[in-house]
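Please read the structure below before turning to the comments.
What follows is calculated from the coordinates using simple rules that are stated; it is not laboratory data. Remember, predicted model here, so these are calculated numbers, not experimental data. Cβ sites come from the backbone with ideal geometry, for glycine too, and all protein chains shown count toward neighbours.
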């Protein structure tokens, strides 16, 4: 709870991963992937309850072993390749409401961003509460700048993505950011429904790219494990002094 407002976190984890089978519970750095997000939510100062939404009995079992909260299963029709994340979120919010649990804010924590920290979640919560916005999304500065990106016309000529002169020095490029998928916050008011677009959150919480690395391939897992190993080394070094 923060400023007398109840905060619900939802961790979506469907069982039908195609690119990496059983991705949500694959071992990363010696732990099931989902444990990192469960621990992140549990260590937040402000989250009142963190619910895992899954259609998989295997993910449910592993999540509970990791200390996660799986009070009910996600209906199969909400766990298809064509299903949207907002579908499962609305299902969680409405199902909890049916048993008398209501919340003022939602925090969506995607399981595939394991390096995101609880202090970042708390900072994001504090930021949206200090604003007049209903929604927040975490973003990361892009590495491939869109000023150098082009589309191709039907006649084979190139067209600038941005209407800007790209001859400027790289250090003078304006900053651009991408939605990184690490943290989404939404006010649960009368305007929240199936048409809500969490990716279009109005308030930005800027994150370093390291913390927002998203697992989409096996190479990403290696990158995550590299950062995890570096974190362990830093903790050992700090403990020496």
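Some values worked out for this structure:
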{"read-out": "Percentage of interatomic Cα-Cα distances in segment 29-80 larger than 19 Å", "value": "29"}
{"read-out": "Likely footprinting exposure, 22, 56, fewest C-beta neighbours within 10 Å first", "value": "22, 56"}
{"read-out": "Relative contact order (%) - criterion: Cα under 8 Å, at least six apart; region: segment 157-241", "value": "22"}
{"read-out": "Extension gain from residue 141 to residue 194, taking 0.36 nm per residue of separation minus the Cα-Cα distance", "value": "16.2 nm"}
{"read-out": "Cα-based helix-to-principal-axis angle, 85-98 vs the chain, degrees rounded to 10", "value": "30"}
{"read-out": "Relative exposure of 46, 184, 227, judged by other C-beta atoms within 10 Å (fewest first)", "value": "227, 46, 184"}
{"read-out": "Binned Cα-Cα distance frequencies in the chain - 10 Å width, integer %", "value": "7, 28, 33, 21, 9, 2, 0"}
{"read-out": "Rg and Dmax [Cα atoms of segment 133-180; Å; Rg one decimal, Dmax integer]", "value": "14.0, 44"}
{"read-out": "Largest to smallest principal axis extent of the C-alpha atoms in segment 8-120, angstrom", "value": "37, 34, 22"}
{"read-out": "Over segment 161-241: Rg over Rh, Cα atoms, Kirkwood Rh", "value": "1.11"}
{"read-out": "For segment 64-146: Kirkwood Rh in Å [reciprocal of mean 1/r, alpha carbons]", "value": "15.7"}
{"read-out": "Between 0 and 90°, nearest 10: helix 33-42 axis offset from the chain longest Cα axis", "value": "70"}
{"read-out": "Segment 1-128, relative contact order [Cα under 8 Å, separation at least 6], %", "value": "38"}
{"read-out": "Angle between the chain longest axis and helix 218-239 axis [Cα atoms, degrees, rounded to 10]", "value": "70"}
{"read-out": "Residue-span extension gain [residue 237 to residue 31] - 0.36 nm each, minus C-alpha spacing", "value": "71.9 nm"}
{"read-out": "Cα point-scatterer Debye curve for segment 102-241, base-10 log of I(q)/I(0) at q = 0.10, 0.11, 0.16, 0.17 Å⁻¹", "value": "-0.50, -0.59, -1.00, -1.06"}
{"read-out": "Sorted by Cβ density within 10 Å, fewest first, the residues 122, 190", "value": "190, 122"}
{"read-out": "Descending principal axes extents, segment 1-53, alpha-carbon based, whole Å", "value": "41, 22, 11"}
{"read-out": "Sequence-separation-based contact order of the chain, relative, with Cα cut under 8 Å and 6+ spacing, percent", "value": "23"}
